[in-house]
Amino acid sequence: MKFLFALIFITVFLASACSDKPPVAKNEANIYQQAVYYNDNRSAKDKKRDKARKPAQVLEFSGVKPGMKVLDLLGGGGWYTEILSSIVGPEGTVYAQNVSLFLRFSEDELSTRLANNRLSNVVRIDGEWDDMKLPEQIDFVMIVLGYHDIYVSRSDPLIEADPDSFFQQLLLSMKPGAKLLIVDHAAQAGSGKDYVKSHHRIDEQFAKQDFIARGFELLASSDLLRNPDDDYEKDIWSEEVKGKTDRFIYLF
């Protein structure tokens, strides 16, 4: 019986240990897998979110390449900034941009991440909605879980976005042929922007048509982060769905 118990314990332990191993050998990893699974700069805290966020697959889908000028727009604490920094390499640049609304929740994380020039190809940009201070000639833009915020009405005009101004600034920052990837929390079909404030969700068809109406061309969509078991009636911060929401991905 002791032997059987020991065998079960070892089996469970090994299975648990193996679950954290990279899904691909280092010598077979592409640039996205290298940046995620074999990036010594990344913290254990960051890596814990890989399973839910699937960054290697998402970034491979995006087509971001070494040497690009990349804008991590409304990037918060820089979770994706860190990975993008590795992908674009020393010949590329990542602009980590936030407005003060986002910095209220991410200032400490972002400052720690960028301290002592540890990501030397990253440029931090702090702005406000009406002047996001976006650089020009950007090759690739990434907006992860922040797009819905441009439609949230707030009591303080300083932290309330003007969608027309937002898109105007965005388009001026992108060079011809640049790509943009958005990831956001899905809401009930047909709900438009009704749930952006109460649930932090947005209707994906509204999002798609919004970008198209602003002059973007839809190139592709991805089901990488879909979760059919998500409850759209739950706020994204509810314990039942936190970190497990149904998320849509569009590449423009």
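The values are calculated or read from the model by the stated rules, or taken from the named source; none is laboratory data. Everything numeric here is computed off the predicted structure, so don't read it as measured data. Every residue, glycine among them, receives a Cβ derived from its backbone with ideal geometry; neighbour counts consider all protein chains shown. The protein model used for the area step is the full one, side chains on, heavy atoms only, and it has no ligands, DNA or RNA in it. Shrake-Rupley method; radii C 1.70, N 1.55, O 1.52, S 1.80 Å.
The figures follow:
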| read-out | value |
| --- | --- |
| Subset of segment 170-180 (residues that are closer than 10 Å to residue 136 by Cα and open to solvent by 30 Å² or more (accessible area, probe 1.4 Å)) | 171, 172, 175 |
| Residue ID - farthest from residue 183 (Cα to Cα), chosen from residues in segment 208-252 that are more than 18 Å from the chain's Cα centre (by Cα) and outside any loop (DSSP other than H, G, I, E, B) | 213 |
| Matching residues, segment 106-144, being crowded, with 20+ Cβ neighbours inside 10 Å and assigned to a loop (DSSP other than H, G, I, E, B) | 119, 129, 132 |
| Segment 76-86, subset assigned to a helix (DSSP H, G or I) and either of a type in the set (S, T, N, Q) or under 21 Å from residue 173 (Cα atoms) (or both), residue most open to solvent (accessible area, probe 1.4 Å) | 86 |
| Tabulated pairs, segment 206-225, first closer than 18 Å to residue 163 by Cβ, second among the basic types (Lys, Arg) and part of a loop (DSSP other than H, G, I, E, B), C-beta under 7 angstrom, 6+ apart or interchain | 206/193 |
| Scan of segment 181-205 for residues that are among the aliphatic types (A, V, I, L, M), out of contact with any helix residue (DSSP H, G or I) (no Cβ under 6 Å at 6 or more places or on another chain) and crowded, with 22+ Cβ neighbours inside 10 Å, ordered by number | 187 |
| Search result, residues across segment 51-75 that are under 26 Å from residue 230 (Cβ atoms), open to solvent by 10 Å² or more (accessible area, probe 1.4 Å) and either of a type in the set (A, V, I, L, M, F, W, C) or in a helix (DSSP H, G or I) (or both) | 51, 52, 53, 57, 60, 61 |
| Filter pass, residue 132 being over 17 Å from the mean Cα position of the chain (by Cα), hydrophobic (A, V, I, L, M, F, W, C) and under 21 Å from residue 179 (Cα atoms) | yes |
| Any hit, segment 91-100, residues being open to solvent by 10 Å² or more (accessible area, probe 1.4 Å) and assigned to a loop (DSSP other than H, G, I, E, B) | yes |
| Count of residues meeting criterion [modelled with pLDDT under 95, assigned to a helix (DSSP H, G or I) and within 22 Å of residue 244 (Cα to Cα)] in segment 1-50 | 2 |
| Enumeration of residues in segment 216-240 that are under 10 Å from residue 201 (Cβ atoms) and of a type outside the set (D, E, K, R) | 232, 236 |
| Which numbered condition residue 206 fails, given (1) modelled with pLDDT under 95; (2) over 24 Å from residue 136 (Cα atoms) | (1) |
